Amino acid sequence: MKRALADPTPFLEGLLEAFRDLREGEMRREIGELEHTDADCFCIAMATVDGQVHAVGDRRHAFTLQSLSKPFVYGLALDSFGREEVHRKVGVEPTGEAFNSIIELEEDHLPYNPMINSGAIAMSAMLHHAHPRKATAQVLAMFGAYLGRPARLHEAVDLSVREGGHRNKAIAHLLRHFDVIGDDIDGALQLYAHQCSVAVTTPELALMAATLANGGVHPRTGQRAVAREHLRDILTLMFTCGMYDSSGRWAYTVGLPAKSGVSGGVLAVVPGQMGLAVYSPRLDAHGHSVRGVEVCRAWAAAWGLSLFEG
Ligand code: GLN
């Protein structure tokens, strides 16, 4: 951080004001939860590696992780099976396609990376296959370590992700067809729905990002959430693939490892320093929060946060 602020709250308030009138984008209706969400809901938060949390806006509003869960579950897969075994099932290339694309699967028969649905479902299948009865508890325990409290599922969202996920079912069947995953397709999809349905607030999302910034140790509880040796892989793939087919523009304008979810959350990691999180449910064509992207761009520019800032 080029400009360390003793109290960043006025700066965050300024971001909130600057982007409050930005009402472009659409809410994703297929996930039941969002029907009940105020489209104007807006929160900006940051957490430092020494455990300070600053948040402005709707800081108590909870939402589900959706694709924000993917880097964390990838980390759990690395911890559970090791890098070599994990990357027999998933690659490390950006797709240039949408998060739920199947094109690359058809071409190369292996998901390109764990930040898109096909790669994430491959990770769920590995975890489920290893411990069919314990995998959900294992995933929730992992999220609990990042949250610093027990992780909870939003039951209604869990159900709607499972029941409405025809595209994900198609992806899972293709993965089965190409022998990336085994026969228990329903078990893999159920675990994937669970990881998407973990409920968090924006300050908690910032703490999850700060845990990644802090070498995998939660800044407040001191609990390790992921092995140190796997952070580089997680952050690299967040940087190159975390924002799907706009990862290039994101790298160019923000310059930080990041991830978004269709619920409207965005997180970014400033390694060794802090985690950023923004929540606002209206999405752009890539499935990213419109305000989330703009806030992160303005924030990174103002504080010189890009990894390559001179
Ligand atoms: N549950 C959503 C899905 O699988 C998550 C996608 C996302 O957040 N981009 O389609």
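The values are calculated or read from the model by the stated rules, or taken from the named source; none is laboratory data. Just so you know, these numbers come straight off a predicted model, no measurement behind them. Please note: Cβ atoms are built from the backbone with ideal geometry, for glycine as well, and neighbour counts cover all protein chains shown. Each accessible area value is taken on the protein alone, full model and side chains, heavy atoms only, with ligands, DNA and RNA left out. Shrake-Rupley method; radii C 1.70, N 1.55, O 1.52, S 1.80 Å.
Any idea of the accessible area per residue across segment 73-130, 1.4 Å probe, to the nearest Å²?
Roughly 39 Å² per residue, with all protein chains present.
Given contacts defined as C-alpha pairs under 8 Å and at least six residues apart, what's the relative contact order of segment 224-310, whole-number percent?
23 percent
State, to one decimal in nm, how far the label point of Asp7 lies from the label point of Arg249, with both points 7 Å from Cα in the Cβ direction.
3.7 nm
Quick one: compute the contact order of the chain, relative version, from alpha carbon pairs under 8 angstrom and 6+ residues apart, as a percent.
Once divided by the residue count of the chain, the mean separation gives 27 percent.
How much accessible area per residue does segment 141-257 have, counting only protein heavy atoms and a probe of 1.4 Å, in square angstrom? Before the final figure, lay out the partial values.
Numbers: 4630 Å² over 117 residues.
It amounts to 40 Å² per residue over segment 141-257.
List, in order, the whole-Hz ³J(HN,Hα) value for each residue of segment 118-134 obtained from phi through the Karplus relation with A = 6.51, B = -1.76, C = 1.60 and θ = phi - 60°; use x for Gly and Pro.
Once θ is set to phi - 60°, the couplings for segment 118-134 become 4, x, 5, 5, 4, 5, 4, 5, 4, 5, 5, 4, 5, 9, x, 8, 9 Hz.
Based on DSSP H runs of at least 4 residues, each adding -39500 (n - 2.57), what is the mean residue ellipticity at 222 nm of the chain after dividing by all its residues, to the nearest 500 deg cm²/dmol?
One gets -13500 deg cm²/dmol as the mean residue ellipticity at 222 nm.
Would you be so kind as to identify which of Ala125, Asn214, Val295 lies farthest towards the positive end of the dipole of the chain, taking Lys and Arg as +1 and Asp and Glu as -1 on Cβ and the Cα centre as origin?
Most positive-ward Cα: Asn214.
Considering only protein heavy atoms and a probe of 1.4 Å, how much of the accessible area of the chain is carbon and sulfur, as a whole percent?
With neighbouring chains kept in place, the figure for the chain is 50 percent.
Quick one: which residues, 5+ away or cross-chain, put their amide H under 5 Å from the amide H of Met27? H built at 1.01 Å from N.
Leu283
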